[in-house]
Structure formats: structure tokens, C-alpha cells
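**Q** One structure coming up, written as C-alpha cells, with questions to follow.
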Number of protein chains: 2
Amino acid sequence: MSDLNPALPWLEALKWDDAGLLPAIAQDAESGRVLMFAWMNREALEETVRSGNAVYWSRSRSRLWKKGEESGHYQKVSAIRTDCDGDVILLAIAQEGGIACHTGRQSCFFHELQGGRWVPVDPVVKDPKEIYAK
Amino acid sequence: MSDLNPALPWLEALKWDDAGLLPAIAQDAESGRVLMFAWMNREALEETVRSGNAVYWSRSRSRLWKKGEESGHYQKVSAIRTDCDGDVILLAIAQEGGIACHTGRQSCFFHELQGGRWVPVDPVVKDPKEIYAK
């Protein structure tokens, strides 16, 4: 894959895949913790830039998905980066509520491989029933 | 997407995509910096676990790619995580040479969106000609 051409308009410089999507990583701007991984299309990225809150493309629901729209756990975006070839987005965010995962954990990356098993190593901060009952 | 079932054998619990791949994020275990993004198939992940060094699947070359095989910039893996639904891998690594990017930078994520432009904001640590001339 060729390197990103910064002379192109920023949205066109990115290497959108055949489905018009890019992987997006959300990282806590303060702790550096990787909180979640999702997908964006052009509209999601434009809306993220415009609003300052992370907006993704839900592949399962085939629609834009403003993170936090159900849970209240919005993600305020402080910086947006892409990689050398422009095919991945990295967001620096502040996580509203300190919970990014639908399981009520801080990060979606809570399973660690230990002795050939996936072990949930992070605590549930808040019961999902409480998060989504509102 | 349903949550990961930790009762399944660890490799089968993951939700490999239609091409048999998963996205993989490499994060510096010490600084927390996200260094690169690549893809893994089952064999790459098994080899990563077996050897303790990051091995990816090169989509452009259609072959296993031991990170550092050309540059010497191997990635020693200290922990492997997956997310709530088991469709992304997060590696905690120590980056040999302190350079993950083929451009000679610490991280592949060196372009930041500033005023509607992608600006390369990180310094080149080592000239790629020196890295790949060996």
C-alpha cells in the first residue's frame, strides 16, 4: 500500500476499503488505554470532526452510530490521527462516564490470553442493566 | 455481534472475518503509544503466541510477515488481549529499535488532522535507507 499523500483533500487522502470503511481505534487521551475498536465511513468521520464527538458506522445495523447515544457514554475527541498509508484512524478521546464497553467495563479489551484461555481481567464498573435501562 | 465465549478453545472463540483475518493493534507496553495496525490470520496469531514475537498476515504479499524480518525492528509481545466480541487483537509489545514504522518513525500514526490537513507531527528517528539497506 502506498503512503498517504498529504497534498490531497484530507478525506480523499484516506484509503477507504471496498465497503467505504476504515478501522478506527479509540484511545484514552490521558491514560493511553485503548478503549475500543470500530469502523467509520466518510460520513461518520466528517460528523466526528464536525461535532467533536466520536461517530462510527455500525456494520451490524448499517447506520451511523453516535457513541453514547444509548448509554450516555459519549467520546469527546481531542485529536485525530491516521497511519503511514492512511488506512486506519486513531482517535484521542475523553470517555464520558469512564466506560467505553457495553459490558460496563472501562475498555472493550478486557480479555487477556492466559495459559491458552481468554480471561476477563478487568472489573465491571457499572452493571449494563443500569446503563441501558434509562 | 455476540460476545466472546471464553468456554470455547481460544483460537475458535475469536470471530475471524470472511477472509479468515482479524485486525491487530500493537501498543507499546510501557508508553501506551499505539505503534501500528495490521492483520492476523490464525497461523500468524498462533506463531505470535508460540514465538513471543509479533507475526502478522501481509494482505498485499499474501504471506506471513514476521515484523522486523527486514528492518530488525522485531516486536516482543508481553500480553495479548481481545475485545468484548473477540474480533480484534491488542498486543502489548516492546518495540526493538524504538521504531515501528517503515518511514523510520516510532509509530505509524504520525499524521494528525490539523485545520483540514494531515500533518506529519512526529520526527523521523532513522532514515529508512539506513534501516532497509542492510
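Read-outs throughout are calculated quantities, based only on the coordinates presented, and are distinct from any laboratory measurement. Predicted model, so just to flag it, every value in this text is computed and none were measured. We place every Cβ from the backbone using ideal geometry, glycine too, and count neighbours over all the protein chains shown.
**Q** Using alpha carbon centroids, what distance separates the stretch A:51-109 and the stretch B:15-37, in Å?
**A** Result: 16 Å between the Cα centres.
**Q** With the Cα gyration tensor of the protein assembly as shown in hand, convert its eigenvalues to equivalent ellipsoid semi-axes via √(5λ) and list them largest first in whole Å.
**A** 27, 24, 17
**Q** On the rotation axis linking copies B and A, which residue of B comes nearest by its Cβ, and by how many whole Å?
**A** Minimum Cβ distance to the axis, with residue: B:G32, 1.
**Q** Then there is this: Using a label position 7 Å from Cα in the Cα→Cβ direction, what is the ascending list of nm distances from B:K126 to the same site in the other copies?
**A** Label-point distances to the other copies, shortest first: 4.6 nm.
**Q** Specify, per residue and in Å³, the volume enclosed by the convex hull of the alpha carbon atoms belonging to chain B.
**A** 140
**Q** Right, something else. Given a 10 angstrom Cα cut-off, can you work out which residue in B:G104, B:G72, B:G116 is the most mobile in a GNM of chain B?
**A** The residue with the greatest mean-square fluctuation here is B:G116.
**Q** In terms of modelled amide H atoms, which long-range or inter-chain residues lie less than 5 Å from the amide H of B:R33?
**A** So B:R33 has HN proximity to B:D28.
**Q** Moving on. If Lys and Arg each add +1 and Asp and Glu each add -1, what is the summed charge of the other residues whose beta carbon sits under 15 Å from the beta carbon of B:E112?
**A** +2
**Q** Using a label position 7 Å from Cα in the Cα→Cβ direction, what is the ascending list of nm distances from A:E12 to the same site in the other copies?
**A** Label-point distances to the other copies, shortest first: 5.0 nm.
**Q** What are the residues whose amide H is under 5 Å from the amide H of A:D85, where those residues sit 5 or more places off or on another chain and H is modelled from the backbone?
**A** So A:D85 has HN proximity to A:L4.
**Q** What's the lysine pair count for the protein assembly as shown at a Cα cut-off below 15 Å, pairs eight or more apart or interchain?
**A** Taking the protein assembly as shown as the scope, the lysine pair count is 6.
**Q** Next question, about the same structure. Say we join alpha carbon atoms closer than 10 Å with springs in a Gaussian network model of chain B; which of B:K15, B:K66, B:K76 then has the biggest fluctuation?
**A** In this elastic network of chain B, the residue with the biggest mean-square fluctuation among B:K15, B:K66, B:K76 is B:K15.
**Q** List the relative contact order of chain B as a percent without decimals, with contacts defined as Cα pairs under 8 Å and 6+ residues apart.
**A** 21
**Q** What does the charge add up to near B:G20, with Lys and Arg as +1, Asp and Glu as -1, over the other residues with Cβ less than 10 Å from its Cβ?
**A** Details: positive: B:R42; negative: B:D17, B:D18, B:E43.
Net charge around B:G20: -2.
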